[in-house]
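Data first, discussion second: the structure below is written as structure tokens.
The values are calculated or read from the model by the stated rules, or taken from the named source; none is laboratory data. Please read these numbers as outputs of a predicted model, since none were measured by experiment. Virtual Cβ from ideal backbone geometry, glycine too; neighbours counted across all protein chains shown. Surface areas here come from the heavy atoms of the whole protein model, side chains and all, with no ligands, DNA or RNA. Shrake-Rupley method; radii C 1.70, N 1.55, O 1.52, S 1.80 Å.
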Amino acid sequence: MSLFTVKGTWTGNRNGEGTITTDGLHTVVSAPKQLDGPGKGANPEELLIAAATNCYMLTLAAILSNRDIEYTHLDVETEGTVGKNGKRLVFEKIVHKLVIYVKQADEELQEKLIQLAHRAETACFISQTLKGNVEVTVEPVVKVVN
């Protein structure tokens, strides 16, 4: 079993601000502008999306490494959609818009990369944790660069 700890502080009301600290992160946090907050630093919605993105990238990198597939780098832009269920806010959807950069790839390898990009989403434990509550999908693209 592994234990992860996040420390938080908060001052003020709903529109106040706080900090979140881990071993590798220290950031100001507040309610997001999109939900009528002050928009200072990160917000819970972005932090959840960041956790999903980080897990997805790490899982995909591990899958590619285990198969000895070379790539130069990955770019992921993740969008999260928040809606309302009555008066409650709910995360509806998270979409990872992925670009895999490779130096060379025939059509077969490109198809394999797309398949592995989707597999990484189902293997990511953050996606598994959200499953049933939030739809998580991947929109992968392979780019051959010189």
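Taking label positions 7 Å along the Cα-Cβ direction at both Thr27 and Val141, the computed distance is 2.4 nm, reported to one decimal. Taking a straight line from the alpha carbon of Lys143, these lysines sit under 22 Å away, with near neighbours fewer than eight places off in the same chain left out: Lys97, Lys103, Lys112. For Val142, the residues 5 or more places off, or on other chains, whose built amide H falls under 5 Å of its own are Ile100. Here the chain is assigned +1 on the Cβ of each Lys and Arg and -1 on the Cβ of each Asp and Glu. Its dipole about the Cα centre then comes out at about 660 debye. Find how many whole Å separate the alpha carbon centroid of the range 92-141 from the alpha carbon centroid of the range 52-69. The two parts, judged by their Cα centres, are 10 Å apart. Rounded to whole numbers, the Karplus 3J(HN,Hα) couplings from phi for the range 33-49 are 4, 4, 10, 6, x, x, x, 8, x, 7, 9, x, 5, 5, 5, 5, 5 Hz, using 6.51 cos²θ - 1.76 cosθ + 1.60 with θ = phi - 60°, and x at Gly and Pro. The loop-placed chymotrypsin sites (Phe, Trp or Tyr not before Pro) in the range 1-107, going by DSSP, that have at most 10 neighbouring Cβ atoms within 10 Å of their Cβ come out as Phe4.
Within the set Lys40/Lys87; Lys33/Lys93; Lys33/Lys87, which residue pairs have Cα atoms separated by over 22 Å? Let's see the in-between values first.
On the way: Lys40/Lys87 24 Å; Lys33/Lys93 19 Å; Lys33/Lys87 18 Å.
Beyond 22 Å: Lys40/Lys87.
The helix-based estimate of mean residue ellipticity at 222 nm for the chain, built from -39,500 (n - 2.57) per DSSP H run of four or more residues and divided by its residue count, is -10500 deg cm²/dmol to the nearest 500. Surface composition of the chain: carbon plus sulfur atoms hold 51% of the accessible area, using a 1.4 angstrom probe and ignoring ligands, DNA and RNA.
Counting heavy atoms of the protein chains only and a 1.4 Å probe, report the per residue accessible area for the chain as a whole number of Å². Numbers along the way, then the final one.
Numbers: 9650 Å² over 146 residues.
I get 66 Å² per residue for the chain.
With r as the distance between the Cβ atoms of Asn66 and Lys103 and R0 = 22 Å, compute the FRET efficiency 1/(1 + (r/R0)^6) and round to 0.05. Walk me through the intermediate numbers first.
Details: r = 19 Å, r/R0 = 0.88.
Efficiency, from the Cβ-Cβ distance: 0.70.
Take every Cα pair under 8 Å whose residues are at least 6 apart in sequence, average their separation, divide by the length of the chain, and the relative contact order is 18 percent.
For Glu17, the residues whose modelled amide H falls within less than 5 Å of its own, excluding neighbours fewer than 5 places apart on the same chain, are Thr11. In the list (1) 9.4; (2) 7.4; (3) 11.0, the label attached to mean projected area of the Cα convex hull in nm² as derived from the coordinates here is (3).
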